[in-house]
Amino acid sequence: MLVPGADFPHLCAQCEDYPCVEACPFKALSISRKTSAVLVNDEKCTGCGKCIEACPGRIPHMHPADKKIVICDLCNGNPQCVKVCQEGGWNVLKTVTRGEHPYRLYARKPEEQTRSLAIKLYGEKAEEFI
Ligand code: SF4
Ligand code: SF4
Ligand code: SF4
């Protein structure tokens, strides 16, 4: 947690141009035709980390034990995190369709996401502490 009370989910935003997929030298990443999510082929992933470097938000996560990349796959079109968030009444997460939002806007580093949220929550003065 970078700022107490300003937790932010740090998940793949399915960038329109998929820099991670482009950057993978081993063709381990592909785009789901059904959901547009990034799919990881564990057999091909070598754990080189190039996709993390290429992602504007450094979002691909290296599994600490397997040394394979983990990226949100949108639960094959039925995002369970959204379901739980809605059922719990928080209404923070929701599904949107392509074209509604500039997707790459959400592909940001955790520090950047937290800074924006903290300023929203606590005002401009929060910037002094981040
Ligand atoms: S870590 Fe895996 S998915 Fe990422 S660029 Fe390397 S081989 Fe491709
Ligand atoms: S947010 Fe990162 S992991 Fe997701 S599509 Fe964009 S570059 Fe790839
Ligand atoms: S619950 Fe499913 S949709 Fe949500 S972040 Fe995890 S993989 Fe992605």
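The values are calculated or read from the model by the stated rules, or taken from the named source; none is laboratory data. Predicted model only: the values in this text are computed from it and were never measured. All Cβ positions, even for glycine, are placed from backbone atoms using ideal geometry, and neighbour counts span all protein chains on display. All accessible areas refer to the heavy atoms of the entire protein, side chains included, with ligands and DNA or RNA removed. Shrake-Rupley method; radii C 1.70, N 1.55, O 1.52, S 1.80 Å.
Round to the nearest 10 and give me the degree value, 0 to 90, for the angle of helix 110-122's Cα axis relative to the longest principal axis of the chain.
20 degrees
Below 8 Å, C-alpha to C-alpha, sequence gap of six or more: please give me the relative contact order for the chain in percent.
Worked out over the chain, it gives 29 percent.
Just to verify a number: FRET efficiency for Lys44 and Lys109, C-beta to C-beta distance, R0 = 35 Å, to 0.05?
0.85
How much area per residue is accessible in the chain when the probe is 1.4 Å and only protein heavy atoms are counted (Å²)?
That works out to 67 Å² per residue.
Taking amide H positions as placed 1.01 Å from N in the peptide plane, with prolines and chain starts having none, which residues 5 or more places from Ile59, or on another chain, fall under 5 Å of its amide H?
Here nothing satisfies the definition.
In a Gaussian network model over the chain where Cα atoms closer than 10 Å are linked, find which of Lys44, Lys94, Lys68 has the largest mean-square fluctuation.
Largest GNM mean-square fluctuation: Lys94.
Mind checking the dipole of the chain: about its Cα centre, +1 per Lys or Arg Cβ, -1 per Asp or Glu Cβ, Debye to the nearest 20?
It works out to roughly 280 debye.
Would you calculate, for the chain, the mean residue ellipticity at 222 nm contributed by helices, counting each DSSP H stretch of 4 or more residues as -39,500 (n - 2.57) and dividing by all residues, to the nearest 500?
Rounded to the nearest 500, the figure is -6500 deg cm²/dmol.
Near Lys120, which lysines are there with a Cα under 22 Å away, not counting those fewer than 8 places off in the same chain?
Those lysines meeting the cut-off are Lys94, Lys109.
Using 0.36 nm per residue, how much length does the chain from Tyr122 to Arg33 gain when fully extended, once their Cα-Cα distance is taken away?
Stretched out fully, the Tyr122 to Arg33 stretch lengthens by 28.0 nm.
Select from Val70, Val40, Val82 the residue whose mean-square fluctuation is largest in a Gaussian network model of the chain (Cα-Cα springs shorter than 10 Å).
Judging by the Gaussian network model, the answer is Val82.
Which residue, Gly49, His61, Ser36, has the largest displacement toward the positive end of the dipole of the chain when charges sit on each Cβ (Lys, Arg +1; Asp, Glu -1)?
Ser36
List, largest first, the extents of the alpha carbons of region 1-47 along their principal axes, each in whole Å.
Taking the Cα atoms of region 1-47, the three principal extents are 39, 25, 16 Å.
Given a Förster distance of 22 angstrom, what is the FRET efficiency for Val96 paired with Asp7, based on the Cβ-Cβ distance and rounded to 0.05?
0.60
Straight-line reach from Lys44: which lysines fall under 23 Å, measuring Cα to Cα and dropping same-chain residues less than 8 apart?
Lys27, Lys34, Lys67, Lys68
In a Debye calculation with equal point scatterers on the alpha-carbon sites of region 19-129 and no solvent, what is log10 I(q)/I(0) at q = 0.15, 0.21 Å⁻¹?
-0.82, -1.25
Under 10 Å, Cα contacts only: if you run a Gaussian network model on the chain, which one of Glu22, Glu112, Glu87 comes out with the highest mean-square fluctuation?
Its mean-square fluctuation being the largest, the pick is Glu87.
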